[in-house]
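Quick notes on the structure that follows.
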Amino acid sequence: MASAAEWRVDLADARVLLVNDDGIAAPGLEVLERLLRPLVRELWSIAPEREQSGTGHAFSLHQPVRLRTAGERRFAVEGLPTDATIMALGVAMVETPPDLVISGINRGANIGDDVTYSGTVGAAMEAALSGYPAIALSLNRTPPNEAHWATVEAHLAPTLDWLLAEAWPRGSILNVNFPDVTPGEVKGRRLTRLGRRKPGGEIIARVDPAGRPYHWISSKRIVGEVAPDSDIRAAEEGYISMTPLTFDLTDEALLARARARMKTP
């Protein structure tokens, strides 16, 4: 039994909301819809009209957000991933709120410092901050290789069963990443911490046809600490990883040391 400060979801009896940052036509959303529809009581999908990767937890503050019906319990948002969650909880599903919000499945990993840039994680963060159970799902992919969607098809249901058998604190996000391997090459599951790697590791300078310079900020990663129990190491070794995330960014250890040195409460 989960306490008031925890959540636990029975998937078969759950109303589930799907959001993402890859857009309403994304293959990952289609895969999740197909796999989850027979497993849940009711499924809703609300996603941006087009890909919005790298937008983090941004939302539309200075322009209107439009909601378009794209099917039964299916909507497209002219906006950002966080907008999709906000519009779902505050408009489309306001009379029938979800029991669980799942963001993804992203076509590319969200591990290490990716989570601070990720629209997938940002959409899940909005749900968690609003008091709803939230899971972010991503599938590692090495461009230009195709994504191993068959790995998700084979391992999604048992992975969700594994996660949802536990009670989790409200306000946390379960950040799940599937490795860039075939279904039979998955070695298992690991509970992990965030490693250190950030995008923007290469800036490419070019000139447009009018002779004006411009730059591409690439998604090449700068890799830092890769601890043995990190999500990065799990991905490298062919494991499904789950990292519980919290978004209180306070550095508690530094705060305690500063209070002691500066002799202030």
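The values are calculated or read from the model by the stated rules, or taken from the named source; none is laboratory data. Just so we're clear, the structure is a prediction, and the values are computed from it rather than from any experiment. Here Cβ is always computed from backbone atoms with ideal geometry, including for glycine, and neighbour counts include all displayed protein chains. Side chains included, ligands, DNA and RNA excluded: accessible areas come from the protein's heavy atoms. Shrake-Rupley method; radii C 1.70, N 1.55, O 1.52, S 1.80 Å.
From the set of residues in the stretch 230-249 that are open to solvent by 70 Å² or more (accessible area, probe 1.4 Å) and assigned to a loop (DSSP other than H, G, I, E, B), which is nearest to residue 158 (Cα to Cα)?
Per the stated criteria, the residue is 246.
Can you tell which of 41, 37, 107 is basic (Lys, Arg) and closer than 25 Å to residue 142 by Cα? If you could, list the steps in order and put the result at the bottom.
Numbers: 41 fails: closer than 25 Å to residue 142 by Cα; 37 fails: closer than 25 Å to residue 142 by Cα.
So the residue among 41, 37, 107 that is basic (Lys, Arg) and closer than 25 Å to residue 142 by Cα is 107.
Against the condition over 22 Å from residue 132 (Cα atoms), free of Cβ contacts under 8 Å to residues at least 40 places away in the same chain and outside any loop (DSSP other than H, G, I, E, B), how does residue 215 come out, does it pass? Working first, answer last.
On the way: over 22 Å from residue 132 (Cα atoms): yes; free of Cβ contacts under 8 Å to residues at least 40 places away in the same chain: yes; outside any loop (DSSP other than H, G, I, E, B): yes.
Here the answer is yes, as residue 215 does meet what is asked.
Show me the strands (runs of 3 or more DSSP E) found entirely inside the stretch 16-90 where at least 1 residues are free of Cβ contacts under 8 Å to residues at least 24 places away in the same chain. Explain how you work it out, then say what you get.
Values: elements: 42-48, 66-71, 74-78.
Of the strands (runs of 3 or more DSSP E) lying wholly inside the stretch 16-90, those with at least 1 residues that are free of Cβ contacts under 8 Å to residues at least 24 places away in the same chain span 66-71.
Given the condition open to solvent by 70 Å² or more (accessible area, probe 1.4 Å), of a type outside the set (Phe, Trp, Tyr) and over 19 Å from the mean Cα position of the chain (by Cα), answer yes or no: does some residue in the stretch 42-57 qualify?
Initial filter on the stretch 42-57 (open to solvent by 70 Å² or more (accessible area, probe 1.4 Å)): 50-51.
Those left that are additionally of a type outside the set (Phe, Trp, Tyr): 50-51.
Next, only the ones that are over 19 Å from the mean Cα position of the chain (by Cα) stay: none.
No, the stretch 42-57 has no match at all.
If you go through the stretch 99-111 one residue at a time, do you hit one that is out of contact with any helix residue (DSSP H, G or I) (no Cβ under 6 Å at 6 or more places or on another chain), in a strand (DSSP E or B), at pLDDT 95 or above and more than 18 Å from residue 25 (Cα to Cα)?
yes
Listed residues 67, 11, 61, 17; which is surrounded by 14 or more Cβ atoms within 10 Å (Cβ to Cβ) and over 21 Å from residue 244 (Cα atoms)? Full working, then the answer.
Details: 11 fails: over 21 Å from residue 244 (Cα atoms); 61 fails: surrounded by 14 or more Cβ atoms within 10 Å (Cβ to Cβ); 17 fails: over 21 Å from residue 244 (Cα atoms).
On inspection, the qualifying residue turns out to be 67.
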